[in-house]
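Colleague: Let me begin by handing over the structure; questions about it come next.
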Amino acid sequence: MTPAGPRIYNLFPLLAGPMPRWEPHLQRAAAMGFTWIFVNAFQAAGYSGSLYSIRDHYAIDPRLLEAGRESMGQFRGMLNEADSRHAPATERSGVHERRREPWRRIVGS
């Protein structure tokens with residue numbers, strides 16, 4: 001029996017590593033029947049180093065990127081992978097609603 005509501009998998013970026021390495025986590029979540037992915041803060045962290053102390057709402061924290069690859073390309077790749085396994089990425093990208101619109105414009109979704 002399919003659950004009536006969303007089943008939300010919480011992906012914590014610093015535990016998952018750089019975005020290009022999130023695919024196994026997304027695959028596991030899909031295999032377990034999760035229908036949405038919630039990604040905790042991934043924007044550039046402030047002085048404390050906490051992802052919740054955001055220094056720049058328009059930049060991805062460098063700890064979540066693979067060196068030598070364009071940052072928004074890595075972000076788009078993660079969203080595409082999530083979209084292929086779950087509901088549309090713009091519905092649960094992990095960006096708080098009031099901050100989601102700038103990311104939509106940046107990634108073109």
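Colleague: Sort ASP83, ASP61, ASP56 by Cβ crowding within 10 Å, fewest neighbours at the top.
Modeller: Listing ASP83, ASP61, ASP56 from fewest to most nearby Cβ atoms yields ASP56, ASP83, ASP61.
Colleague: Name the residues whose placed amide hydrogens come within less than 5 Å of the amide hydrogen of GLY17, ignoring near sequence neighbours (fewer than 5 apart) on the same chain.
Modeller: none
Colleague: Considering only DSSP states other than H, G, I, E and B, which chymotrypsin sites (Phe, Trp or Tyr not before Pro) in region 13-80 qualify as loop sites with at most 12 other Cβ atoms within 10 Å?
Modeller: Taking region 13-80 and a limit of 12 other Cβ atoms within 10 Å, the loop chymotrypsin sites (Phe, Trp or Tyr not before Pro) found are TYR47, TYR52.
Colleague: Here's another thing I want to ask about it. Under the Karplus relation 6.51 cos²θ - 1.76 cosθ + 1.60, θ = phi - 60°, what is the ordered set of whole-Hz ³J(HN,Hα) values for region 10-20, x standing for Gly and Pro?
Modeller: Result, rounded to whole Hz: 9, 9, 9, x, 5, 7, 7, x, x, 3, x.
Colleague: Tabulate in residue order the Karplus-calculated ³J(HN,Hα) for region 64-70, using 6.51 cos²θ - 1.76 cosθ + 1.60 with θ = phi - 60°, rounded to whole Hz; enter x for Gly and Pro.
Modeller: 9, 10, 8, 4, x, 10, 4
Readers should treat all values here as calculations from the given coordinates under stated rules, not as data from a laboratory. Predicted model, so just to flag it, every value in this text is computed and none were measured. Here Cβ is always computed from backbone atoms with ideal geometry, including for glycine, and neighbour counts include all displayed protein chains.
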